[in-house]
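Chemist: Before I ask anything, here is the structure I am working with.
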Amino acid sequence: MQDKHHAPVVLDVAGLSLSAAEAKRLSHPLVGGLILFARNFESRAQLVALTSSIKAIRPDILIAVDHEGGRVQRFRTDGFTHLPAMRALGELWMEDAMRATDAATASGFVLAAELRACGVDFSFTPVLDLDIGNTSVIGERAFHSDPRVVSVLAKSLMQGLLLTGMSSCGKHFPGHGFVKSDSHVAVPVDKRSLKAILAADAKPFEWLSLSLSAVMPAHVIYPKVDSRPAGFSARWLQEILREKLGFGGAIFSDDLGMAGARVLEGRAIGYTEAALAALQAGCDLVLLCNQSAVNGGAAIDELLAGLDAAQRDGRWTPEPDSESRRLDLLPQTVPLTWDELMRNARYLAAVERLA
């Protein structure tokens, strides 16, 4: 009937190696993923040691990172290729569309091959937001203002990821490109109609609904559609994304550690209530970032205990398919080591194309 457990929590670790408390936390049955940041990287050797120590405790955990290119790239030294901002690929499209799709595939391949050589399974990419020119938080992270160009370049990038066995994550559904404020600090509001959003910003999510492995909703309120932010909205996630657009992959909440992400119907809520709201709305996985170094990770422990209690009391019943969607994000192929990668003809050709 349902998997023996569901591991929806994606957490972080404080430093360059696991503390005893973090190692213990990773074996908690509700923990299904781990997200790395720049503070977790000093060198490739250290990163490989860290990811190996994580997998030694939990072979099935998903090790993820925000590695898009441009200003969002967590590992930048010790051999990692500097990836172009997605906007640069959109600009190349305007000069030579076919070269741009090839460069997008090269970007995805280099990005994923280098991460996988260091034991990282997954990157939260591609950004499918439209470059409407309104928002500094998206800006150069978006490919283009035309949803058709965004979709073709994103699909090309995703092909590059797939060549190394890496899954993809389209973000931020149904589109973060129209609003000005940054959802890390406030909850932006987009007052357009559902019809307007579906005709433009949500198009890449519709056209790529079969190809995307995962989707991350925007932490934005679209009041003409629902009073709740998209990541807490069953209307957006189940009615629109799953039923109307036909998406069958995993849905991640955005970071519940952001102040803006713990506001519901105008009031501040705790970590557990935020995670339950996201899971009940249709998220399969919930992210809690940048909390491991605060009070010894008290917020993470509070969330794990709170979800445990909610499951025991029957306030939360895991969605039967969520765990298989999480496991589907894990690569199924053995990665090349860094040394093998440096001699790999496809990799060398891809790096050449990015130059």
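Residue-by-condition table, conditions (1) over 12 Å from Val351 (Cα atoms); (2) within 20 Å of the chain's Cα centre (by Cα); (3) assigned to a helix (DSSP H, G or I); (4) touching a residue at least 12 places away in the same chain (Cβ under 8 Å):
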residue	(1), (2), (3), (4)
Phe75	yes, yes, no, yes
Met94	yes, no, yes, no
Ala103	no, no, yes, yes
Val110	no, yes, yes, yes
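Chemist: Now for a separate question. Of all residues in region 73-101 being of a type in the set (Gly, Ala, Ser) and open to solvent by 30 Å² or more (accessible area, probe 1.4 Å), which is modelled with the highest pLDDT? Don't jump to the end; show me each part of the working.
Modeler: Step one: list which residues in region 73-101 are of a type in the set (Gly, Ala, Ser), which gives 79, 85, 88, 90, 97, 100.
Retained after the next criterion (residues that are open to solvent by 30 Å² or more (accessible area, probe 1.4 Å)): 79, 88, 97.
Values: Gly79: 92, Ala88: 95, Ala97: 98.
Checking each candidate, the answer is Ala97.
Chemist: Of the numbered conditions (1) open to solvent by 10 Å² or more (accessible area, probe 1.4 Å); (2) more than 25 Å from Thr272 (Cβ to Cβ); (3) not small (Gly, Ala, Ser), Pro29 satisfies every one except a single condition; which is it?
Modeler: All conditions are met except number (2).
Chemist: Please go through (1) more than 20 Å from Gln291 (Cα to Cα); (2) at pLDDT below 95; (3) among the small types (Gly, Ala, Ser) for Ser213 and return the number of the only condition it doesn't satisfy.
Modeler: (2) is the only condition that Ser213 fails.
Chemist: Residues being in a loop (DSSP other than H, G, I, E, B) and either in contact with a helix residue (DSSP H, G or I) (Cβ under 8 Å, 6 or more places away or on another chain) or buried (at least 19 other Cβ atoms within 10 Å of the Cβ) (or both): count how many of those fall in region 193-208.
Modeler: Just the residues of region 193-208 that are in a loop (DSSP other than H, G, I, E, B), to begin with: 193, 200-202, 208.
Then keep just the ones that are either in contact with a helix residue (DSSP H, G or I) (Cβ under 8 Å, 6 or more places away or on another chain) or buried (at least 19 other Cβ atoms within 10 Å of the Cβ) (or both); that gives 200-202, 208.
So the count comes out to 4.
Chemist: For Arg242, indicate whether it is within 20 Å of the chain's Cα centre (by Cα) and either at pLDDT below 95 or part of a helix (DSSP H, G or I) (or both). Don't jump to the end; show me each part of the working.
Modeler: Working: within 20 Å of the chain's Cα centre (by Cα): yes; either at pLDDT below 95 or part of a helix (DSSP H, G or I) (or both): yes.
In short, yes.
Chemist: Of all residues in region 114-143, count the ones that are in a helix (DSSP H, G or I), farther than 22 Å from Asp60 by Cβ and either of a type in the set (Lys, Arg) or open to solvent by 10 Å² or more (accessible area, probe 1.4 Å) (or both). I'd like the intermediate steps shown before the answer.
Modeler: The initial filter retains those residues of region 114-143 that are in a helix (DSSP H, G or I), namely 114-117, 139-141.
Okay, now just the ones that are also farther than 22 Å from Asp60 by Cβ, so 114, 139-141.
Remaining after also requiring either of a type in the set (Lys, Arg) or open to solvent by 10 Å² or more (accessible area, probe 1.4 Å) (or both): 139-141.
Count: 3.
Chemist: Would you mind stating whether Asp313 is touching a Leu at 6+ places or on another chain (Cβ under 8 Å) and over 29 Å from Leu212 (Cβ atoms)?
Modeler: Working: touching a Leu at 6+ places or on another chain (Cβ under 8 Å): no; over 29 Å from Leu212 (Cβ atoms): yes.
The answer is no for Asp313.
Chemist: May I ask you to list pairs of residues, at least six apart or on different chains, whose Cβ atoms are under 7 Å apart, with the first in region 307-327 being within 17 Å of Ser253 (Cα to Cα) and the second being acidic (Asp, Glu) and open to solvent by less than 40 Å² (accessible area, probe 1.4 Å)?
Modeler: From region 307-327, the pairs are Glu319/Asp284; Ser322/Asp284; Arg325/Asp284; Arg326/Asp284.
Chemist: Hey, can you tell me all the residues within region 156-170 that are under 16 Å from the mean Cα position of the chain (by Cα) and farther than 16 Å from Val120 by Cα?
Modeler: Result: Leu157, Met158, Gly170.
Chemist: Continuing with the same structure: Of all residues in region 39-72 being more than 21 Å from Ala21 (Cα to Cα) and of a type outside the set (D, E, K, R), which is surrounded by the most Cβ atoms within 10 Å (Cβ to Cβ)?
Modeler: Of everything passing the filter in region 39-72, Gly69 is surrounded by the most Cβ atoms within 10 Å (Cβ to Cβ).
Chemist: Right, something else. Whether any residue in region 64-84 is small (Gly, Ala, Ser), under 21 Å from Asp301 (Cβ atoms) and touching a Cys at 6+ places or on another chain (Cβ under 9 Å) is what I want to check. Can you show your working first?
Modeler: Residues of region 64-84 that are small (Gly, Ala, Ser), as a first pass: 64, 69-70, 79.
Checking which are under 21 Å from Asp301 (Cβ atoms) leaves us with 64.
Going one step further and asking which of them are touching a Cys at 6+ places or on another chain (Cβ under 9 Å), we end up with 64.
Among the residues of region 64-84, at least one is small (Gly, Ala, Ser), under 21 Å from Asp301 (Cβ atoms) and touching a Cys at 6+ places or on another chain (Cβ under 9 Å), which makes the answer yes.
Chemist: Output the residue which, of all residues in region 274-294 that are part of a helix (DSSP H, G or I) and under 17 Å from the mean Cα position of the chain (by Cα), is surrounded by the fewest Cβ atoms within 10 Å (Cβ to Cβ).
Modeler: Step one: of region 274-294, the residues part of a helix (DSSP H, G or I) are 274-281.
Subsequent filtering for residues that are under 17 Å from the mean Cα position of the chain (by Cα) retains 275, 278-279.
Details: Ala275: 28, Ala278: 27, Leu279: 25.
Filtering first and then ranking leaves Leu279.
Chemist: Residue pairs, Cβ under 8 Å, 6 or more apart or interchain, first in region 261-272 and touching a residue at least 40 places away in the same chain (Cβ under 8 Å) and farther than 11 Å from Leu303 by Cβ, second crowded, with 19+ Cβ neighbours inside 10 Å and of a type in the set (S, T, N, Q). List them.
Modeler: So the pair list comes out as Ala261/Ser183; Ala261/Ser253.
The values are calculated or read from the model by the stated rules, or taken from the named source; none is laboratory data. Not measured: the values here are computed from a predicted model. Virtual Cβ from ideal backbone geometry, glycine too; neighbours counted across all protein chains shown. To get the accessible areas, we keep the full protein, side chains included, count just its heavy atoms, and leave off ligands, DNA and RNA. Shrake-Rupley method; radii C 1.70, N 1.55, O 1.52, S 1.80 Å.
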